[in-house]
Amino acid sequence: MRTKLVVGNWKMNMTTIQAAAAIESCVRLVDAKSNVDVIICPPYLSICKVRELLRNTHIKVGAQDVFWEESGAYTGKISPAMLTDAGATYCIVGHSEMRGRFGATDISQSTLGYFSESDQTVNLKIKALLFHSLNPILCVGETMEERESGKTDDVIRTQISEALNQIEPAEMFFFVVAYEPVWAIGTGQTCSAAEAERVCALIRSCLDPIVREDVRVLYGGSVKASNASELFKQPNVDGGLVGGASLDPGEFSRIVMSA
Ligand code: PEP
């Protein structure tokens, strides 16, 4: 039996002071006795503070990205060892906002280059995280254009197989995969529960049989308290990756309760 998991991705929101206030509310509102795992992924600068405030709770801390090198002349980058040092135990990789897609048309070509994540860099990041015993939260998902041209399943299969290239199944027990259709992220447009279930089951079928029943597969994309329970009821949806709604501790705690 997989334990349900709800991950909050704060994206580029909250100063350290705002983060501390939000965490204090979260700790008050999220039931300590619930058997749902919870992870909060704040911006890098707040990881230490958030970790300190969550020390005696069951809520864990994750990062939103990582660079794969150990150290060196990589201005602006953060290594896995730095994440461990700050107190993170999970890390999101391959988020569509990092894959340079942003629904493909939302931002200009000149800006896209800053977000040039590829399946290959996702794979390097996963290997670096595992080397440091950090747990990856791998995001996969199709754009609306890919969905409309019937490519959803192929896109998902390719993203999974490239991301997991040369990774031993035995290293994957604490892996998390999030199905995040790009067209549903931050748009208010949610995937139907039946389609989320279908794609999450497809993701599970792409995993090695050794870990297939252990890896948690989440749904992400405009999850709110009002749609969470229908989504989380699906047998292959083990919880959610929540962006915008995780910034409101009341809404976030209601999503956790739905799980
Ligand atoms: C996300 O950022 O991973 C996400 C799912 O965002 P939102 O919930 O705002 O759609």
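The values are calculated or read from the model by the stated rules, or taken from the named source; none is laboratory data. Nothing here was measured: the structure is a model prediction, and the numbers come from that model. Note that we place each Cβ from the backbone using ideal geometry, even for glycine, and neighbour counts take in every protein chain shown. Side chains included, ligands, DNA and RNA excluded: accessible areas come from the protein's heavy atoms. Shrake-Rupley method; radii C 1.70, N 1.55, O 1.52, S 1.80 Å.
Calculated FRET efficiency, residue 57 and residue 210, Cβ-Cβ r, R0 25 Å, to nearest 0.05?
On the way: r = 32 Å, r/R0 = 1.27.
Step by step, r from the Cβ atoms, then E = 0.20.
If you plug the beta carbon distance of residue 165 and residue 81 into 1/(1 + (r/R0)^6) with R0 = 25 Å, you get a FRET efficiency near 0.60. In straight-distance terms, cross-link reach from residue 60 covers every one of the aspartates and glutamates whose alpha-carbon lies under 12 Å from its own, apart from those fewer than eight places away in the same chain; here that gives 37, 52.
Of 4/125; 11/77; 49/127; 127/151, which pairs sit farther than 21 Å apart, going by alpha carbon to alpha carbon? Could you put the intermediate results ahead of the total?
Values: 4/125 25 Å; 11/77 16 Å; 49/127 27 Å; 127/151 27 Å.
Long pairs (Cα-Cα over 21 Å): 4/125; 49/127; 127/151.
By per-residue mean of other Cβ atoms within 10 Å, what is the highest-first order of 192-201, 12-21?
192-201, 12-21
Take the Cα pairs of the chain, get the Kirkwood Rh, then feed it into Stokes-Einstein at 4 °C and 1.567 mPa s and tell me D in µm²/s.
Values: Rh = 18.2 Å.
It diffuses with D of about 71 µm²/s by this estimate.
Of all accessible surface on region 145-235 at a 1.4 Å probe, what whole percent is carbon and sulfur? That fraction is 49 percent. Placing unit charges on the Cβ atoms only, positive for Lys and Arg and negative for Asp and Glu, gives region 177-229 a dipole magnitude near 120 debye about its Cα centre. Rolling a 1.4 Å probe across the protein heavy atoms gives region 153-244 an accessible surface of 39 Å² per residue. Only Lys, Arg, Asp and Glu carry charge here, each on its Cβ (+1 for the first two, -1 for the last two); on that basis the chain has a dipole of about 660 debye about its Cα centre.
When a/c reaches 1.5 or more, the comparison of a/b and b/c decides; with that in mind, is region 165-236 rounded, prolate or oblate per its Cα gyration tensor? Walk me through the intermediate numbers first.
Details: a/c = 2.48, a/b = 2.01, b/c = 1.24.
The shape class here is prolate.
Within the listed set 138, 231, 53, the Gaussian network model of the chain (springs between alpha-carbon atoms below 10 Å) gives the highest mean-square fluctuation for 53.
Could you give the longest part of the chain that holds none of the chymotrypsin sites (Phe, Trp or Tyr not before Pro) found in DSSP loops with at most 12 neighbouring Cβ atoms within 10 Å? No qualifying site falls inside 75-172, the longest such stretch.
Rounded to the nearest 500, the helix-only mean residue ellipticity at 222 nm of the chain stands at -10500 deg cm²/dmol, with each DSSP H run of n ≥ 4 adding -39,500 (n - 2.57).
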